[in-house]
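This report concerns only the one structure given below.
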Amino acid sequence: MKRARKSEVVRAPSIAYRRMTRNTASAELVCDGIPLAQLVERYGTPLYVYSSEMIRARMKAFARAFRSIPHTLCYSVKANSTLAILQLVERVGAGFDVVSGGELERVGRMKKTAARNVVFSCVGKTVPEMELALKSGILLFNIESASELGALAATSARLRKIAPVAVRVNPDVSAKTHPYISTGLQKHKFGVPIPEARELYAEAARQPYLKVSGVSVHIGSQISDVSSFADALTRVVDLVRDLRRLGHDIRYVDAGGGLGISYEGTQADFQEQILAYANAVLRPLKDLDVHLLLEPGRSIVGAAGVLLTRVIYKKTNNSKRFLIVDAGMNDLLRPALYSAHHEIVAVQRSSSAIEVADVVGPVCETGDFFARGRELPATREGDLLAILDAGAYGSALGSNYNTRGRPAEVLVDGKQARVIRKREMFHDQVRLERL
Ligand code: LLP
């Protein structure tokens, strides 16, 4: 008789422990059924692993939650810009939110025609970036200042290409999130205060190659209180009505991204959370007759990725215990930059014993840590750990600090796992340098 294998979900639906034997704590961590230890054997550490199934499920949950209104999900490339991830979301219908010419080039490299569904936000778009976006025929430029509007008016006239524009407004709404990733208050560099935005629309309408098309807003990231979205959208809707009264043809409302994920939880409540989010966004838009654009990043890919790392050494300084792992702040910057919390679990669990330790990388910075004073599964040198929820702003924020090569990245899709980014070698790093 086949023995039923119990599994314990860590991040629904894809990351789970699979028990190895019946009644023990011993279990191995899998991604859509593929043991992560097996992927490490093949590809080494540190290693990013992503679940296609989870990314698709998130995309579909968004589409379902917003099905009552015409909309496009413009996946935010900055969250994870690896080409195969872009391809995965494009294949389930995504457009893209880009913030640089480089990100736009990534979208074009993935699929030439995908630029048609690109929105371009950024406080400092350069003229060459505008030229690239105009030639690619993007959906919308989100303009963030009078000077930028002037530059786009001149560039589009010179190229004789129509630029569809929205003004990204700064609604002066608190996102109640980490100050570094909050963008919608008057003191932040982002967007244009609403009264000034009205003037920019008037100016845009006077420009022969600018086509007023929408209003855009983005108030920050990792937002858990959805009432902030409702507040921002309420202000945007008032503006849309005013602009329409003045004769502007506003087709699009771009509500930005920002929906948070639960870094401490099991994500089991994702459906609920996305419905609450959809409710907050949709209620103010009722009867407005617009095409909604959304720019989710983290909520699509965050929980779908893990960073696997090996414990190289254990050491105790006085009474403080450290696990020194082979991933560093250059691979996953979030804890160092924002004191962000990421759960850390054993890849192969053999007992329920725990110990308290700091998990630190090998980089020469005190800020190079993944957890401090954390209760962790008892670990030996050589053991593997998984840092959870590393799919968003993990590899994308990576660097070569300390001349460390970036990790390889693997995408699990059904029963297959394939390398979507090779491990970076020393020669990759020095390729552009000259002696
Ligand atoms: N749209 C715009 C204009 C944005 O600036 C951002 C994020 C997004 C969309 C996507 O937001 P999301 O849905 O991912 O929250 N590195 C930080 C997050 C920075 C977010 C920057 N902008 C972190 O690791 O928490």
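Note down the nm distance, to one decimal, between modelled labels 7 Å out along Cα→Cβ at LYS415 and at ALA146.
Label at LYS415, label at ALA146, 6.4 nm between them.
Each label point is 7 Å from the Cα along the Cα-to-Cβ direction; what then is the distance between the points at GLU199 and SER351, in nm?
Placing both labels 7 Å along Cα→Cβ, they lie 7.0 nm apart.
Going by Cα centres, segment 79-133 and segment 153-175 are how many Å apart?
What the calculation gives is 16 Å, centre to centre.
Show which lysines lie in cross-link reach of LYS161 when reach means a straight Cα distance below 16 angstrom and same-chain residues fewer than eight apart are skipped.
Within the straight-line limit of under 16 Å, LYS161 reaches these lysines: LYS135, LYS211.
Using label points projected 7 Å from each Cα along Cα→Cβ, tell me how many nm separate SER399 and THR126, to one decimal.
Rounded to a tenth, the inter-label distance reads 1.9 nm.
What accessible area per residue, rounded to a whole number of Å², is obtained for segment 16-118 using a probe radius of 1.4 Å?
40
What residue among ASN279, ASN80, ASN318 shows peak mean-square fluctuation when the chain is described by a Gaussian network model with Cα springs under 10 Å?
ASN318
Per DSSP helix of 4 or more residues, -39500 (n - 2.57); summed, then divided by the residues of the chain. What does that give at 222 nm, rounded to the nearest 500?
For the chain, the value works out to -8500 deg cm²/dmol.
Go from 0 up to the bin containing the longest alpha carbon distance in the chain, width 10 Å each, and give me the % of pairs per bin.
Pair shares across the bins are 4, 21, 29, 24, 14, 6, 2, 0.
Please work out how much length the chain gains when fully extended from LEU275 to CYS364, using 0.36 nm per residue of separation minus the C-alpha to C-alpha distance, in nm with one decimal.
27.7 nm
For the chain, build the charge dipole from Cβ charges (+1 Lys, Arg; -1 Asp, Glu) around the Cα centre, then report which of LEU411, ILE181, GLN273 sits farthest towards its positive end.
Checked the options; the winner is LEU411.
Just for segment 53-300, what percent of DSSP beta bridges are antiparallel, to the closest 5?
Antiparallel bridges: around 5 percent, rounded to the nearest 5.
Would you list which lysines come within 20 Å of LYS189, measuring only between C-alpha atoms, while excluding same-chain residues fewer than 8 positions from it?
Straight-distance partners of LYS189: LYS78, LYS125, LYS176.
Counting only residues 5 or more places away or on other chains, whose amide H sits under 5 Å from the amide H of VAL212 once H atoms are built in the peptide plane?
Correct list: VAL165.
Could you check how much of the accessible area of the chain is carbon and sulfur, as a whole percent, using a 1.4 Å probe?
For the chain, the apolar C and S fraction of the accessible surface comes to 50 percent.
Rounded to the nearest 20 debye, what is the charge dipole size of the chain about its Cα centre when +1 sits on each Lys and Arg Cβ and -1 on each Asp and Glu Cβ? Present the calculation step by step, with values, prior to reporting the outcome.
Working: 60 positive and 45 negative charges, 248 e Å.
The calculated dipole for the chain is roughly 1180 debye.
How far, in nm, would the chain grow between MET425 and ARG380 when pulled straight, counting 0.36 nm per residue and subtracting the alpha carbon separation?
Difference between extended and current length: 13.4 nm.
So if I place +1 on the C-beta of Lys and Arg and -1 on the C-beta of Asp and Glu, and nothing else carries charge, what would the dipole magnitude of segment 53-300 be about its Cα centre? I want it in debye, nearest 20.
The dipole magnitude comes to about 760 debye.
The values are calculated or read from the model by the stated rules, or taken from the named source; none is laboratory data. All figures in this text were calculated on a predicted structure; none of them were measured in a lab. In this analysis, Cβ positions are derived from the backbone assuming ideal geometry, glycine residues included, and neighbour counts consider all displayed protein chains. Quick note on the areas: whole protein, heavy atoms, side chains included, nothing else; ligands and nucleic acids left out. Shrake-Rupley method; radii C 1.70, N 1.55, O 1.52, S 1.80 Å.
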